[in-house]
Amino acid sequence: MSTAKTTTGRRDTIAALKDQVRRFEGSKRLHDDAVVSTGCDDLDRLFPENGIRRGSLVEWHGEGRGHGAGSLALIAARQACAAGGALVVVDRQGTFYAPAASALGIDLDCLVIVRPSNDRDEVWVFDQSLRCEAVSAVWGDVEQLNAPSFRRLQLSAEEGNSIGLLVRPQKALQQPSWSNVRLLVEPLPPGYETTSKEIGPRFRVEVVRCHGGRAGFSGEFEIVETTGTIRKAPQPPQVSDQLSA
């Protein structure tokens with residue numbers, strides 16, 4: 001692709017992004033919450049400030065099909081946009097499925113999906129989106145991210161006061177990072193039936209690294225599919241409870 005065509009493509013993308021986010025201008029700053037809840041108090045406690053700080057990056061690492069990192073991060077992104085502002089999804093692989101996001105409670109009217117075609121444009125879209133004052137959160141599945149690009153995104157999040165939620169493979173934990181928190185998400189066996197008869201996918205979430213000294217903390221969580229919320233995973237009944245029953 002020639003330089004001229006690349007430049008024209010980027011200009012078209014900029015124009016499209018500006019057009020989509022224009023309707024969100026002014027809505028993001030209606031709140032002063034510096035820390036955003038994930039919607040689950042127990043998950044919030046894994047973060048150094050009991051929630052996700054605006055102007056920061058969070059990595060959600062997982063391995064294999066159904067690892068859950070993407071879904072948990074998407075629910076956190078929804079919470080970040082609850083008080084206003086757009087959610088930008090950077091969909092390099094072209095696999096993001098909007099109806100599934102809607103089932104998790106994502107407002108499709110506030111959703112902007114961008115599909116960059118290469119590594120350079122992917123970083124550029126993250127950068128521009130995080131800097132935009134009309135954007136509250138940016139979510140994306142990112143495989144490769146070198147140290148200079150990572151630093152660039154960290155500064156962009158600080159400037160835009162946005163939250164970047166990066167879904168990454170487990171092997172990326174060996175790479176340098178500028179995120180505030182790195183989480184490892186691992187799927188667990190099917191959950192235990194509760195009195196409400198709700199059974200959802202369960203995951204173990206461990207803090208691998210963070211600013212604030214909570215590395216090593218972990219918890220087991222469940223996505224309640226009927227409400228698109230996260231809760232602490234119900235534990236199996238103890239042997240003594242089974243005998244007394």
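The values are calculated or read from the model by the stated rules, or taken from the named source; none is laboratory data. The structure presented is a predicted model; accordingly, all values stated were derived computationally and were not measured. No Cβ is skipped: glycine too gets one built from the backbone with ideal geometry, and neighbour counts run over all protein chains shown. Side chains included, ligands, DNA and RNA excluded: accessible areas come from the protein's heavy atoms. Shrake-Rupley method; radii C 1.70, N 1.55, O 1.52, S 1.80 Å.
Can you give the accessible area per residue of the range 68-140, in Å², using a 1.4 Å probe?
Values: 2620 Å² over 73 residues.
Accessible area per residue: 36 Å².
Ranked highest first by average number of other Cβ atoms within 10 Å, how do 215-227, 43-55 line up?
Details: 215-227: 16.0, 43-55: 19.5.
Peptide ranking by packing, descending: 43-55, 215-227.
Out of every Cα pair in the range 104-186, what percent are spaced more than 15 Å from each other?
Values: 1970 of 3403 pairs.
So the pairs more than 15 Å apart make up 58 percent of the total in the range 104-186.
Give me the compactness ratio for the range 40-99, meaning the Cα radius of gyration over 2.2 N^0.38 Å.
Working: Rg = 12.7 Å, N = 60, 2.2 N^0.38 = 10.4 Å.
Relative to the rule-of-thumb radius for its length, the range 40-99 sits at 1.22.
Hey, how much of the P(r) for the range 44-165 falls beyond 23 Å, as a percent of Cα pairs?
Working: 1746 of 7381 pairs.
Beyond 23 Å sits 24 percent of the P(r) for the range 44-165.
Which residues' amide hydrogens lie under 5 Å from the amide hydrogen of residue 164, considering only partners 5 or more residues apart or on another chain, with H built in the peptide plane?
Placed amide hydrogens put 56, 57, 58, 138 under 5 Å from residue 164.
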